[in-house]
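The values are calculated or read from the model by the stated rules, or taken from the named source; none is laboratory data. Every value quoted in this text rests on a predicted model; they were computed, and no experiment measured them. Reconstructed Cβ throughout: ideal geometry from the backbone, glycine too, with neighbour counts over all protein chains shown. The area values use the complete protein model at the heavy-atom level, side chains included, leaving out ligands, DNA and RNA. Shrake-Rupley method; radii C 1.70, N 1.55, O 1.52, S 1.80 Å.
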Amino acid sequence: MTTVLPELGRDLADPEVFKREFLEELRFGQGVVRERATSNDLFMALGRTVRQALMARWIDTLDHQMAAEAKFVAYLSAEFLLGRQLDNALLAADLEQTARQALAELGIDIDQLKGAEVEPGLGNGGLGRLAACYMDSLATMAIPAVGYGIRYEYGIFRQEFLEGRQKERPDTWLTLGNPWEFPHPEMAKTVGFGGHVEAAAGDSGTQRRRWVPATEVLGVPYNYMVPGYRCGTVNTLRLWSAQAPQGFDLKIFNTGDYDRAVKAQNEAENITKVLYPEDSTPQGKRLRLQQQYFFVACSIRDFFDLLPHDTAMQRLPERVVFQLNDTHPVIGIPEFMRILIDEKGLEWEEAWEITQRCFAYTCHTLLPEALEVWPVSLLESMLPRHMELIYEINDWFLRELREAYPGDEPRIRRMSIIQESPERSVRMAYLATVAASRVNGVAELHSQLLREKVLRDFAEHRPDKFTNVTNGVTPRRFVRLANPGLSALVTERIGDGWLTDLEQLRNLEPYADDADFRAAFAQVKRANKVRAVEMLARRDGLTISPDTMFDVMVKRLHEYKRQTLKLLHIVSVHQRVRSGELDPGTLVPRTVLFGAKAAPGYRTAKEIIALINAVAAEVNNDPAVQGRLVVGFPANYNVTLAETLIPAADLSEQISLAGKEASGTGNMKFALNGALTVGTLDGANVEILELVGSENFFLFGLNEAQVVQTQEQGYRPGSYYESDPRLRQAIDSIASGQYSGGDTAAFGQIVDVLLNSDPFLALADFGSYLDAQERAEAAYQDGEAWTRSAILNVARCGFFSSDRSIKDYLDRIWHATPIPVR
Ligand code: NBG
């Protein structure tokens, strides 16, 4: 049953048609004429024109997938950090040139319109961006897939600096309208909260349970196109927005009590009001649990509604796999059980067996404090039936354990889904691990540490469940769009197959020894730097030179990622120049660029931001290092900024303490854009190092085993401070107020933590880090050799395509097959 629709896409490739459609969209879509159109009108009309090209494919895709009775991947994620949409849609539809030409003929600068797009920041960092990369790959590979998430009215906060300190402003990304979303209020789902559970008689007279919620909220779906790269597939990302079922209370309104009249409405709408700005650490707040249950309940309901109504429940595992992106959607497990048992009338055993086959779980962390737990009391009041089911799942599971490990009560207590102290709570990661058919980590080292440490008991019990899928990034956005210069150069030499088969980058290896290619490659890098310099001048008023080494550290601000270690390096160089120990003339001129948001409630992280800005202010105004060392910290790091900074980087800073970063994905983006990494043996760095070779990577620091050993032996940061004069000098200069106008207390907290506990061993790795930086400088001085290494980084990192990750998910976990549309 294929929809008969004109293939608009084909006609739009003609600039005349494109122009005509664009003007029509301006007139009939936006309701303005060319002469009076604002740039937002033009942007909206352009967006609408491009989406025309994808519309027929979008409709066809779902038809094909349903007709084939395909298995769907339902990617459940509280975050999708999409980045700007226009460029990607143009690329996917192969309309870049046409649109440029058509608009130019109308006297419109397309780049200006692209620059005006506000990116949907519906995620915090790597986890949300990974979800977006995976959606791109799923579509490009023609896999039937739906992304399910939340349409936050306000995404990740906008960061500003006020006297060097982070200030957060709400992210009003929807104010100017959005050409990419399609609301379907008529398809809203109803979600219950609170209330009680009562006994109900089942068909066969058996005792059944029924949840009677106290309140209900509507979930309105907003559909987004997820176009595959130049293929017929356009998948769907469905984001839910919360609404009150009956609007406001007119009766109360008429009494003049306006606040009370809209109370229920506000409470409902608050659920999807704002993204929690926490990254890698959970937020144990009631509203957060409401968000989680809300989007998961809508999504699961949606999937049941999508299936033919006579589908046998036993066949569900052939039709869907719900991939749990971290623990945020794990409440979906009892929700699914509830539907099967309470609504579909299945018996427990059968429901449990189906559920296990329909869910898989990805863990994205190693920090124990980042594993979500929810108080039983909260669950009991908000989701009483779900709490009952969790207890029952746990009973079932503990019985299984008692059989497997008779008498081993300590183990059974350790593995219980319910923890007893400090407060009776549900361990969501354990619930996910017990219920899922597969549990995966996101890099080799991470998966190993999950098996050996974080989830050790579970891996011993069910080794067959555990697997690895190393993260990847989409080459379409992060190479082709972000780095058009490099893309053109690569395509010129090896063709454009790499865009959908990134391992083809291997064919570039011989060119590393080709002087002409190296020259062209270096020229691209320089052009990217110039582009970044211009952008940072415009955007942040920074003055930097493209003729310096660009040393870039962009990622969320977190102590484990060790932005302070980078700072200690900068301060050490600065201080040694000032004290005459270092001749600035011998330094490789360097621009260090930071980009990082701190969770608003994370005090130490915000102090570190203030310190980076303070150090930048001193260093940049000190004639002693002028032209040799510059520190830039553009505010509000986001996907759009990443797309300019990463292609401009020479050095990529991946310096987390070994055993803390689950994978990292920025590390892959840098390497694929020809930056060399200075990094620890952490996350996916391990695999990058292995692929690019140690001659093309600046490795430093303790490895994970050494970290554990150091800590077990009673780590004393003070001993490093005492024995390394460079370290002492750096820390003393901060402590003595040199970066705070003489105020010795200003950064006292940071200094204190470093000297007295240093939980992330910055001091232990400092010496080794400085050595690595010296090696990097020495290497940079030989431009030809450096470029050769950079080319080899590109050539050898094809493994890190998200297409490969998706292939691994398909082979190891999902077992879904492509349904090409044409
Ligand atoms: C993050 C990890 C990163 C990893 C991304 C994507 C969370 C909870 N985890 O190392 O810190 O690259 O997930 O897997 O945000």
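Residue-wise test of (1) at positive phi; (2) away from the ligand (no atom under 16 Å from the Cβ).
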{"site": "F72", "(1), (2)": "no, yes"}
{"site": "Y75", "(1), (2)": "no, no"}
{"site": "L86", "(1), (2)": "no, yes"}
{"site": "G107", "(1), (2)": "yes, yes"}
{"site": "Q112", "(1), (2)": "no, yes"}
inquiry  = So, in the stretch 182-193, exactly how many residues are part of a strand (DSSP E or B) and surrounded by fewer than 18 Cβ atoms within 10 Å (Cβ to Cβ)?
reply    = 4
Pair list, Cβ < 8 Å and 6+ apart or interchain, from the stretch 643-668 residues that are under 16 Å from S768 (Cβ atoms) to residues that are among the small types (G, A, S) and within 12 Å of the ligand (Cβ to nearest atom) = Q654/G664; Q654/G666; Q654/G683; S656/G664; S656/G683
key: Condition check for I609: β-branched (V, I, T) and either touching a Gly at 6+ places or on another chain (Cβ under 6 Å) or within 16 Å of the ligand (Cβ to nearest atom) (or both)   = no
inquiry  = Can you find, within the stretch 354-371, the residue that is farthest from the ligand (Cβ to nearest atom) among those that are in contact with a Gly (Cβ under 9 Å, 6 or more places away or on another chain) and open to solvent by 10 Å² or more (accessible area, probe 1.4 Å)?
reply    = L366
task = Among the residues of the stretch 148-165, write down those that are within 15 Å of the ligand (Cβ to nearest atom) and not in a loop (DSSP other than H, G, I, E, B).
result = G149
inquiry  = Condition first: assigned to a strand (DSSP E or B) and under 30 Å from F594 (Cα atoms). Now tell me which residues in the stretch 166-181 satisfy that.
reply    = Q166, K167, E168, R169
inquiry  = Any residue at all in the stretch 224-238 that's surrounded by fewer than 16 Cβ atoms within 10 Å (Cβ to Cβ), in contact with a helix residue (DSSP H, G or I) (Cβ under 6 Å, 6 or more places away or on another chain) and among the charged types (D, E, K, R)?
reply    = no
inquiry  = I'm checking my understanding of the structure. Among residues of the stretch 479-514 that are surrounded by fewer than 22 Cβ atoms within 10 Å (Cβ to Cβ) and among the β-branched types (V, I, T), which one is nearest to D111 (Cα to Cα)?
reply    = T491
message = Name the residue that is nearest to the ligand (Cβ to nearest atom), counting only residues in the stretch 617-664 that are on the phi > 0 side of the Ramachandran plot and in contact with a strand residue (DSSP E or B) (Cβ under 7 Å, 6 or more places away or on another chain).
response = G664
query = Looking only at the stretch 291-315, which residues are surrounded by fewer than 22 Cβ atoms within 10 Å (Cβ to Cβ) and part of a helix (DSSP H, G or I)?
reply = R301, D302, F303, F304, D305, L306, M313, Q314, R315
remark   = Over the stretch 617-631, the set of residues in contact (Cβ under 8 Å) with a residue 60 or more places away in the chain and either surrounded by 23 or more Cβ atoms within 10 Å (Cβ to Cβ) or assigned to a helix (DSSP H, G or I) (or both) is A617, E618, V631
remark   = All conditions in (1) in a helix (DSSP H, G or I); (2) of a type outside the set (A, V, I, L, M, F, W, C); (3) in contact with a helix residue (DSSP H, G or I) (Cβ under 9 Å, 6 or more places away or on another chain); (4) open to solvent by 60 Å² or more (accessible area, probe 1.4 Å) are true of T543 except (1)
task = Please state which one of P282, P245 is open to solvent by 40 Å² or more (accessible area, probe 1.4 Å) and within 16 Å of the ligand (Cβ to nearest atom).
result = P282
Residue count, the stretch 405-440 (criterion: of a type in the set (G, A, S), in a strand (DSSP E or B) and under 12 Å from F458 (Cα atoms)) = 0
Of the criteria (1) surrounded by fewer than 23 Cβ atoms within 10 Å (Cβ to Cβ); (2) part of a loop (DSSP other than H, G, I, E, B), which one G115 fails = (2)
message = Test of understanding: among V686, V751, which residue is among the hydrophobic types (A, V, I, L, M, F, W, C) and closer than 30 Å to L450 by Cβ?
response = V686
Meets criteria (touching a Ser or Thr at 6+ places or on another chain (Cβ under 7 Å) and either within 16 Å of the ligand (Cβ to nearest atom) or on the phi > 0 side of the Ramachandran plot (or both)) for G441 = yes
query = Which of the residues spanning the stretch 683-716 are within 16 Å of the ligand (Cβ to nearest atom), buried (at least 24 other Cβ atoms within 10 Å of the Cβ) and touching a residue at least 60 places away in the same chain (Cβ under 8 Å)?
reply = G683, A684, I688
key: Tally, over the stretch 800-822, of residues that are open to solvent by 20 Å² or more (accessible area, probe 1.4 Å) and either in contact with a Gly (Cβ under 8 Å, 6 or more places away or on another chain) or β-branched (V, I, T) (or both)   = 6
request  = Name the one entry in E388, E392, E350 that is in a helix (DSSP H, G or I), without any contact (Cβ under 8 Å) to a residue 40 or more places away in the chain and more than 27 Å from the chain's Cα centre (by Cα).
outcome  = E350
note = Counted residues in the stretch 248-279 being open to solvent by 20 Å² or more (accessible area, probe 1.4 Å) and either within 18 Å of Y152 (Cα to Cα) or not in a helix (DSSP H, G or I) (or both) come to 17
message = I'd like to verify a number: residues in the stretch 665-682 that are within 13 Å of the ligand (Cβ to nearest atom) and touching a Lys or Arg at 6+ places or on another chain (Cβ under 8 Å), how many?
response = 3
